[in-house]
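First the structure, in the form of structure tokens, and then the observations on it.
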Amino acid sequence: MTFIEELRWRGMIQDIMPGTEEQLAKEMTSAYIGFDPTSDSLHIGSLVPILLLVHLQKAGHKPYALVGGATGMIGDPSGKSEERNLLSADVLAHNQAGIKKQLERFLNFDDSLPNKAEMVNNYDWFKEISFLEFIRDAGKHITVNYMMAKDSVKKRLEGDTGMSFTEFTYQLIQGYDFYWLYQNKNCKLQMGGSDQWGNITTGTELIRRKAGGEAFAFTCPLVKKADGGKFGKSEKGNVWLDANKTSPYQFYQFWLNASDADAVAWIKLFTLLEKEVIDGLIAQHEEAPHLRILQKTLAEQLTVFVHSRADYDFAVKASEILFSNGAADALQSLNEAQLLQVMDGVPTVNISKAQVEAGYDFVSFLAESGIFPSKGEAKKMLQAGGLSINKQGIIGDSWILNSRHLLQDRYILLRKGKKNYYLVVVTSEL
């Protein structure tokens, strides 16, 4: 398959400008996507544009990743109902460095390649342009009528909040990015999400009117969940690519918990597996959906792609610790950092070091900590075998918590019933 044919099969094409396929078939083509530097990490919503650049480079074309140091100071109104807070130059510089480090994991920046990836920052050219120069050299080529016709502008003007002049100029500034890359980097194609179509076509229009040239564009659909929920969000918020913001274990769990309908679409969209492999996986999934083959493959492919094979192996191990009946030895083998990663999001309960050293009646602890509403309820569950400490079952109703139960000299993992976990944390004093 050609580059565009592959993207169509994967569901990654929504709008495409006439002549784009022909241009890509004719020669190695330079193309770019812009990344918003509002954080020092990209999130999983950025994976589609990242993968567009990955597929582009694999097909022999040259990818440019533009980090918007200048446009980040303004804020893109596309898909937004309110104006964003503007970022300082120092914050933007920090965020750009973080994003570049992440992109280097996915794209090949090797200087020896004819289609090596490059990263550019639009602040590098905008910092030299005065306001008067910009409105004279760029603004005169695009009419207000043209800019007002864009959906991103119309929706904001029809709302209650309106739109500032700052945000109104965004499409012209993004359009100038495309013009500058066309003139200085021979960049003939811009890609992006479907909400960017208006901004992207402003760029092709500016290139046509100002440079007399021809440029091309296509967009991919915005990812949505089958149930209508917002993609890329977990109970804790955004699912980030940075392991310090979203642990590899939580990242793995996000994909593992995908619905069947989402998994069928996402296996094409988010992995680099070949069509024959994916078709086979979908067929297996349809025969035995309870095995969750697609979800497991998604979780493996994405965790390895974004993090590492070691992080994936640990995520599998962590899942076994939490969701299998045994795994007591595996739990004991974790270091403190790994233990806390597995327990991320698990409710915590404090217990004093003095209480543990003296020995704390387990039934009293369960009631006094609030895990159970009363000693009677705790004792009933205990006698029924519905409690475990560090993945080991508890027999009988006479039990004392003491130092021998501690993991890493500070923690106890308590399970109540089949799925409810509590991390007991020893503190110097309560």
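The values are calculated or read from the model by the stated rules, or taken from the named source; none is laboratory data. Note that the coordinates shown come from a computational prediction; the quantities given were computed from them, not determined experimentally. Backbone-built Cβ (ideal geometry, glycine too); neighbour counts: all protein chains shown. What goes into the accessible areas is simple: the full protein's heavy atoms, side chains included, and nothing from ligands, DNA or RNA. Shrake-Rupley method; radii C 1.70, N 1.55, O 1.52, S 1.80 Å.
Structural remarks
- Any hit, region 32-41, residues being of a type in the set (Gly, Ala, Ser), surrounded by 19 or more Cβ atoms within 10 Å (Cβ to Cβ) and either free of Cβ contacts under 8 Å to residues at least 24 places away in the same chain or closer than 21 Å to Leu269 by Cα (or both): yes
- One residue from Ala358, Ala315, Ala328 being within 27 Å of Ser388 (Cβ to Cβ) and open to solvent by 70 Å² or more (accessible area, probe 1.4 Å): Ala358
- Beta carbons closer than 7 Å, at least 6 apart along the sequence or on distinct chains, pair a first residue in region 336-351 that is more than 17 Å from Ser319 (Cβ to Cβ) with a second that is polar (S, T, N, Q) and outside any loop (DSSP other than H, G, I, E, B) for Asn350/Thr427.
- Taking region 142-151 as the range and being within 23 Å of Ala70 (Cα to Cα) and open to solvent by 80 Å² or more (accessible area, probe 1.4 Å) as the test, the residues that pass are Val144, Met148, Asp151.
- Only listed residue being surrounded by 13 or more Cβ atoms within 10 Å (Cβ to Cβ) and over 23 Å from Asp329 (Cβ atoms), chosen from Lys391, Lys379, Lys416: Lys379
- Checked against (1) at pLDDT 95 or above; (2) open to solvent by 30 Å² or more (accessible area, probe 1.4 Å); (3) within 22 Å of Ser41 (Cα to Cα), Asp90 meets all criteria but (1).
- Checking region 220-240 against the condition returns a match, with at least one residue being among the polar types (S, T, N, Q) and open to solvent by 30 Å² or more (accessible area, probe 1.4 Å).
- Region 302-341 - residue that is hydroxyl-bearing (Ser, Thr, Tyr) and not in a helix (DSSP H, G or I) and, of those, modelled with the lowest pLDDT: Ser324
Results for (1) hydrophobic (A, V, I, L, M, F, W, C); (2) open to solvent by 20 Å² or more (accessible area, probe 1.4 Å), shown as yes or no for each residue.
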{"position": "Glu167", "(1), (2)": "no, no"}
{"position": "Gln171", "(1), (2)": "no, no"}
{"position": "Trp180", "(1), (2)": "yes, yes"}
{"position": "Lys185", "(1), (2)": "no, yes"}
{"position": "Met191", "(1), (2)": "yes, no"}
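- Among residues of region 119-141, those that are open to solvent by less than 90 Å² (accessible area, probe 1.4 Å), outside any helix (DSSP H, G or I) and not β-branched (Val, Ile, Thr), counted: 5
- Listed by first and then second residue, the pairs with beta-carbon distance under 8 Å, at least 6 apart or on different chains, first residue in region 306-322 and aliphatic (A, V, I, L, M), second open to solvent by 40 Å² or more (accessible area, probe 1.4 Å), are Val306/Arg105; Ala318/Gln338; Ala318/Gln341.
- Test for Gly60: is it outside any strand (DSSP E or B), modelled with pLDDT under 95, open to solvent by 10 Å² or more (accessible area, probe 1.4 Å) and in contact with a Phe, Trp or Tyr (Cβ under 9 Å, 6 or more places away or on another chain): no
- Any hit, region 97-105, residues being at pLDDT 90 or above and in contact with a helix residue (DSSP H, G or I) (Cβ under 8 Å, 6 or more places away or on another chain): yes
- One residue from Lys185, Lys155, Lys140 being farther than 16 Å from Asn122 by Cα and at pLDDT 80 or above: Lys140
- Odd one out for Gly175, checked against (1) open to solvent by 40 Å² or more (accessible area, probe 1.4 Å); (2) within 29 Å of the chain's Cα centre (by Cα): (1)
- Annotation note: of Lys116, Lys154, the sole residue that is touching a helix residue (DSSP H, G or I) at 6+ places or on another chain (Cβ under 9 Å) and either open to solvent by less than 40 Å² (accessible area, probe 1.4 Å) or assigned to a loop (DSSP other than H, G, I, E, B) (or both) is Lys116.
- Failed item in (1) open to solvent by 20 Å² or more (accessible area, probe 1.4 Å); (2) touching a His at 6+ places or on another chain (Cβ under 6 Å), with Pro248 passing the rest: (1)
- If you go through region 93-113 and keep only what is assigned to a helix (DSSP H, G or I), hydrophobic (A, V, I, L, M, F, W, C) and open to solvent by 50 Å² or more (accessible area, probe 1.4 Å), you end up with Ala93, Ala97.
- Taken over region 359-385, the criterion of being small (Gly, Ala, Ser) and farther than 19 Å from Thr348 by Cα is satisfied by Gly359, Gly376, Ala384, Gly385.
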